[in-house]
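In what follows, a single structure is set out as structure tokens and then discussed.
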Amino acid sequence: MVQAFIFDLDGTIINTEKLKAQSYGYALDELTKGKISFQQVQNVFFKYVGSSRKTVVSNLVEDYYEPLKSATGETDRQKLSTRVLQKRLKTYNRMIIDPLVIRQNIFMDVFETIYKLFNAGKLLALATMSEKYHSHKILQVTHLSELFDVVLTSNDVTRGKPDPEIYLKAAQKLNTDPAHCLVFEDSANGIEAALHAGMQVLGIPNELTLKQVIESDLLPEDHLITHHQGLWNRVSKLANL
């Protein structure tokens, strides 16, 4: 029996994975003076979806170390990571405080599902690997802040997805057995984290994560929804609502 519902944020409630990919693309394009194009980053960003910011930046620097070193003259990977991060945050911070940008990128079926569960008096949690500042800005703009009983971000854990720490902590704070939690996730890393936590998972990948999730073969067909079609009906069936 499902007693609590736990949502990922980026790529699940709102298509911020796309915005993040864009911000990293602009940063690398600018820092490498075009040697690594915006589109190149968009094409490979699916590999990093669901990971912590630290993991994403370090992987991008490792993947594009030579052109970054050549263009900037910097050889220290940590310093390069800092430069990439500072550059992309300038763009991303502008995006997430713009109500129009946020509204244009909300997954409405998921948004409406959260409201229906809230109105039904269900326990709700948010478990995201985004940092607290960005997560709360998005929750404020979308007016979702008051709907969640628990909100956990990367600031609340020491290990990122696919480690199950954040989901186990969410269940603990909800005072619910992990086996009685249903998680909504868009990425293979997130799905793996929730499964390792012993939870039920409904995979709702977006255009950036669809191929990755299908190829991961982590979920049976009845726990996977593409393009969010029939989301509420599937939730109602799985949770016996």
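Listed values, structure above:
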{"read-out": "Any hit, segment 146-168, residues being touching a Pro at 6+ places or on another chain (Cβ under 9 Å), under 23 Å from MET108 (Cα atoms) and either touching a residue at least 40 places away in the same chain (Cβ under 8 Å) or of a type outside the set (Gly, Ala, Ser) (or both)", "value": "no"}
{"read-out": "Tally, over segment 46-86, of residues that are more than 21 Å from ASP8 (Cβ to Cβ) and in contact with an Asp or Glu (Cβ under 8 Å, 6 or more places away or on another chain)", "value": "4"}
{"read-out": "Sole residue being out of contact with any Lys or Arg (no Cβ under 6 Å at 6 or more places or on another chain) and within 11 Å of ASP8 (Cβ to Cβ), chosen from ILE214, ILE114, ILE166", "value": "ILE166"}
{"read-out": "Unique residue being over 24 Å from ILE191 (Cβ atoms) and not small (Gly, Ala, Ser) when the list is LYS116, LYS87, LYS132, LYS122", "value": "LYS87"}
{"read-out": "Qualifying residue in segment 61-81 (condition: crowded, with 18+ Cβ neighbours inside 10 Å, touching a residue at least 60 places away in the same chain (Cβ under 8 Å) and in a helix (DSSP H, G or I))", "value": "no"}
{"read-out": "Odd one out for ALA170, checked against (1) under 17 Å from the mean Cα position of the chain (by Cα); (2) farther than 22 Å from PHE118 by Cβ", "value": "(2)"}
{"read-out": "SER58 vs. criteria in a helix (DSSP H, G or I), of a type in the set (S, T, N, Q) and surrounded by fewer than 20 Cβ atoms within 10 Å (Cβ to Cβ)", "value": "yes"}
{"read-out": "Residue within segment 31-48 that is crowded, with 22+ Cβ neighbours inside 10 Å, modelled with pLDDT under 90 and not assigned by TED's automatic domain parsing to the domain that holds GLY198 present", "value": "yes"}
{"read-out": "Filter result (of a type outside the set (Phe, Trp, Tyr) and either in contact (Cβ under 8 Å) with a residue 40 or more places away in the chain or not in a helix (DSSP H, G or I) (or both)) within segment 224-235", "value": "LEU224, ILE225, THR226, HIS227, HIS228, GLN229, GLY230, LEU231, VAL235"}
{"read-out": "Considering residues of segment 53-74 that are hydroxyl-bearing (Ser, Thr, Tyr) and in contact with a Lys or Arg (Cβ under 8 Å, 6 or more places away or on another chain) only, the residue nearest to TYR167 (Cα to Cα)", "value": "SER58"}
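The values are calculated or read from the model by the stated rules, or taken from the named source; none is laboratory data. Predicted model only: the values in this text are computed from it and were never measured. As a convention, Cβ positions derive from the backbone with ideal geometry for all residues, glycine included, and neighbour counts pool all protein chains shown.
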